[in-house]
Amino acid sequence: MRDAVLNEIMMRRNANKRISTACGLSTAAVSQWTRVPRKHVETVSKLSGKQPHELRPDLFPTPDHKEIAA
């Protein structure tokens with residue numbers, strides 16, 4: 001079963017083609033992904049507008065946005 005974030009990205013028009021071209025892979029290879037492979041996270045992040053931690057929370061921790069009170 002495909003990851004929900006990846007599924008959302010792949011539902012966009014021409015997403016599979018743009019990702020496959022940018023990653024140097026066939027569209028068939030990209031369509032078989034169940035989650036974005038580690039070595040392609042940066043490329044897919046740039047193309048999709050999704051942050052790396054959204055694509056692969058198991059590899060990239062969610063940034064901590066706590067502000068320090070003065």
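Looking across region 13-26, just one residue is of a type in the set (Lys, Arg) and either under 13 Å from the mean Cα position of the chain (by Cα) or crowded, with 18+ Cβ neighbours inside 10 Å (or both), and that is ARG18. Within region 43-63, residues that are free of Cβ contacts under 8 Å to residues at least 60 places away in the same chain reach partners that are among the charged types (D, E, K, R) and in a loop (DSSP other than H, G, I, E, B) with beta carbons closer than 7 Å, at six or more positions or on different chains, in the pairs ARG56/ARG35. For region 28-42, a tally of residues being more than 14 Å from PHE60 (Cβ to Cβ) and either of a type in the set (Gly, Ala, Ser) or surrounded by 13 or more Cβ atoms within 10 Å (Cβ to Cβ) (or both) returns 5. Exactly one residue out of GLU54, GLU8 is touching a helix residue (DSSP H, G or I) at 6+ places or on another chain (Cβ under 8 Å) and of a type in the set (Asp, Glu), and it is GLU54. Give the residue that is farthest from the chain's Cα centre (by Cα), with candidates limited to residues of region 1-12 that are within 21 Å of LEU59 (Cβ to Cβ) and open to solvent by 50 Å² or more (accessible area, probe 1.4 Å). Checking each candidate, the answer is MET1. Please tell me if ILE19 is modelled with pLDDT under 95 and of a type in the set (Val, Ile, Thr). Against the criterion (modelled with pLDDT under 95 and of a type in the set (Val, Ile, Thr)), ILE19 does not qualify. ILE68 meets the conditions (1) at pLDDT 95 or above; (2) exposed (fewer than 10 other Cβ atoms within 10 Å of the Cβ) in every case but one. The failed one is (1). Pairs are defined by a Cβ separation below 9 Å, a sequence spacing of at least 6 or placement on different chains, a first member in region 30-41 that is closer than 18 Å to ASN14 by Cα and modelled with pLDDT of 95 or more, and a second member that is part of a helix (DSSP H, G or I) and open to solvent by 50 Å² or more (accessible area, probe 1.4 Å); the pairs so defined are VAL30/LYS17; HIS40/ALA22. The one condition from (1) surrounded by 15 or more Cβ atoms within 10 Å (Cβ to Cβ); (2) in contact with a helix residue (DSSP H, G or I) (Cβ under 9 Å, 6 or more places away or on another chain) that LEU59 does not meet is (1).
The values are calculated or read from the model by the stated rules, or taken from the named source; none is laboratory data. Given the structure is predicted, the values throughout are model-derived calculations rather than measurements. No Cβ is skipped: glycine too gets one built from the backbone with ideal geometry, and neighbour counts run over all protein chains shown. Surface accessibility is based on the protein's heavy atoms, side chains included, excluding ligands, DNA and RNA. Shrake-Rupley method; radii C 1.70, N 1.55, O 1.52, S 1.80 Å.
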